[in-house]
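Okay, structure first, notes after.
The values are calculated or read from the model by the stated rules, or taken from the named source; none is laboratory data. In this text, all values refer to a predicted model and were calculated from it rather than measured experimentally. Cβ placement follows ideal geometry from the backbone for every residue including glycine, while neighbour counts extend to all protein chains displayed.
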Amino acid sequence: MPSEQKLGSAIVDTVFANMVSSQNESSLLSSEGDSQRTQYPYVTGTSVIGIKYKDGILMAADMGGSYGSTIRYKSVERLKQVGKHSLIGASGEISDFQEILRYLDELILHDSMWDDGNSLGPKEVHNYLTRVLYNRRNKFDPLWNSLVLGGVKNGQKYLGSVSMIGVHFEDDHVATGFGNHLARPILREEWREDLTFEEGVKLLEKCMRNLLYRDRSAVNKLQIAKITEEGLTISQPYSLKTFWNFAAFKNPTVGAEGSW
Amino acid sequence: MTKEHANWSPYDNNGGTCVAIAGADYCVIAADTRMSTGYSILTRDYSKICKLADKSFMASSGFQADVKALQKVLSSRHLIYQHQHNKQMSCPAMAQLLSNTLYYKRFFPYYAFNVLGGLDSEGKGCVFTYDAVGSYERVGYSAQGSGATLITPFLDNQLKSPSPLLLPAKDAVTPLSEAEAVDLVKTCFASATERDIYTGDSVEIIILNANGVRHESEQLRKD
């Protein structure tokens, strides 16, 4: 929409004018020697999908790390455990995700050092991540990630999402990036409160297959993670069966002889 | 030396519409529950209304992360106020606080479009309407957000409020009853949903009066 872009770019232009023209001076909007702010992501992960199911949360992500249009890494784990009760899935800049994992590690460590029998649940971790991302956005130096945070604590299932500028919400099913366009519609149609584990996995695989067909940065090597009150498991990497045996693919020029 | 341009915006518009109507002894605050980004719907079930005090409810649309941060700042300021003064903030006091909070970030604004609704110290309905940098006034009714341009003319026509141009200034509250006002609000949202792509899914309505707070919810078109 035009007006917030004008507002955004008016503010951003002022900030960047300061940065570019005064590299060696400190100014109100930059700290000493900082001229490094995230401009673009380099190595990125694509969609993450998460759903609530009967016993907890299921999350899926492929293992690709793209370097622009090159699929540079094919064994990137984008689903990770956070403490006892949570699971995080990340898309976007992989190095920023690794930084976030370091922050979370420290968060969980300090929480456990209280030694008070209480541990941070998924709602708290989601809130923490939202604050971190929003504050970085305020400093014009974002962590270039869209995160999915899911978990179960005291029988309560929780599934939330947060973007690089701090937009956050919780829902019964969430997705990042292309997943919002290709997976959410499937989930809106087919998700139910009482999905069994097998049904949940089938539903996620259906979404991931769709992404594989249509997202050019998707790779056919994925992991599915499950978190319940009992604990967390992240599957071994595996690949999906795809179907290319469509008549139109086999004989593309039928009906238009001479074309290709 | 060409200036570098950022390829990301610190702002996004997550859409939605907010309405508030003040009556003689009640106030209605309503907002749809759709949260969008670009042409996608993120969730159909997100509340834009925040209870700031017993008699002050704020509905905000715009950039959700900023809205949430604004709600947090105001809530914690209210908590401090309660600790210091041993009472709730009045709605006009909260109105001033909101204005000051918004202007504080005049040079990197909260992209939030707010309506504050509640009961004043005399128990009369009051509605305050804001722009993104804190300019505000007390009015009898207001709409903000993506559907505001569709709703405001309709409210101008249907609420039978005294004209703001009259001299001496007449009290701006609508002469309609509470039930009529709530019905009008539902009609507003049903209409805005038809033509505004960012409004829909459901509308959350809060009704404040001398007896307390009431919640109502109506389903809206999901397309």
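A few comments on the model shown:
- Scanning the range B:102-128 for residues that are touching a Phe, Trp or Tyr at 6+ places or on another chain (Cβ under 8 Å), more than 14 Å from chain A (Cβ to nearest Cβ) and without any contact (Cβ under 8 Å) to a residue 60 or more places away in the chain turns up just one, B:PHE128.
- Matching residues, the range A:187-201, being within 14 Å of another protein chain (Cβ to nearest Cβ) and either of a type in the set (A, V, I, L, M) or in contact with an Asp or Glu (Cβ under 7 Å, 6 or more places away or on another chain) (or both): A:LEU187, A:TRP191
- Enumeration of residues in the range A:43-93 that are out of contact with any Leu (no Cβ under 7 Å at 6 or more places or on another chain), among the aliphatic types (A, V, I, L, M) and surrounded by fewer than 24 Cβ atoms within 10 Å (Cβ to Cβ): A:VAL43, A:ILE71, A:VAL76
- Hits in the range B:1-45 - residues which are closer than 18 Å to B:THR193 by Cβ, part of a loop (DSSP other than H, G, I, E, B) and β-branched (Val, Ile, Thr): B:THR33
- Residue count, the range A:139-188 (criterion: within 11 Å of the chain's Cα centre (by Cα) and either in a strand (DSSP E or B) or under 16 Å from A:ASN127 (Cβ atoms) (or both)): 11
- Residues that are in a strand (DSSP E or B), small (Gly, Ala, Ser) and more than 19 Å from B:LEU116 (Cβ to Cβ), drawn from the range B:190-223: B:SER202, B:SER217
- B:ASP32 vs. criteria touching a strand residue (DSSP E or B) at 6+ places or on another chain (Cβ under 9 Å), within 10 Å of another protein chain (Cβ to nearest Cβ) and modelled with pLDDT of 95 or more: no
- Options B:ASP196, B:ASP201: the member that is surrounded by 20 or more Cβ atoms within 10 Å (Cβ to Cβ), in contact with a Gly (Cβ under 9 Å, 6 or more places away or on another chain) and not β-branched (Val, Ile, Thr): B:ASP196
For every residue, the table says whether it meets (1) over 14 Å from A:PHE97 (Cβ atoms); (2) in contact (Cβ under 8 Å) with a residue 40 or more places away in the chain.
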position	(1), (2)
A:GLY121	yes, no
A:GLU124	yes, no
A:ASN127	yes, no
A:TYR134	yes, no
A:PHE140	yes, yes
A:GLY151	yes, yes
A:GLN156	yes, no
A:SER163	no, no
A:HIS168	yes, yes
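- Figure legend. Inter-residue proximity from the range B:139-165: first residues closer than 20 Å to B:ASN13 by Cα, second residues at pLDDT below 95 and outside any strand (DSSP E or B), beta-carbon distance below 7 Å, spacing 6+ or different chains. Indicated pairs: B:SER146/B:GLY15.
- Any hit, the range A:241-259, residues being of a type in the set (A, V, I, L, M), assigned to a loop (DSSP other than H, G, I, E, B) and either within 30 Å of A:TYR73 (Cβ to Cβ) or touching a Lys or Arg at 6+ places or on another chain (Cβ under 7 Å) (or both): no
- Taking the range B:11-29 as the range and being among the small types (Gly, Ala, Ser) and either within 14 Å of chain A (Cβ to nearest Cβ) or touching a strand residue (DSSP E or B) at 6+ places or on another chain (Cβ under 6 Å) (or both) as the test, the residues that pass are B:GLY15, B:GLY16, B:ALA20, B:ALA22, B:GLY23.
- Scanning the range A:242-257 finds no residues that are within 19 Å of the chain's Cα centre (by Cα) and of a type outside the set (Lys, Arg).
- Flag for B:ASP45 being within 14 Å of chain A (Cβ to nearest Cβ), acidic (Asp, Glu), surrounded by fewer than 24 Cβ atoms within 10 Å (Cβ to Cβ) and in contact (Cβ under 8 Å) with a residue 40 or more places away in the chain: yes
- Selection within the range A:140-168: residues that are surrounded by fewer than 21 Cβ atoms within 10 Å (Cβ to Cβ) and within 11 Å of chain B (Cβ to nearest Cβ). The member of this set that is nearest to A:VAL219 (Cα to Cα) is A:ASP141.
- Test: B:TYR39 is more than 27 Å from A:PRO142 (Cα to Cα) and either at pLDDT below 95 or among the aromatic types (Phe, Trp, Tyr) (or both): no
- Residue among B:SER146, B:SER142, B:SER99 that alone is within 14 Å of another protein chain (Cβ to nearest Cβ) and within 17 Å of the chain's Cα centre (by Cα): B:SER146
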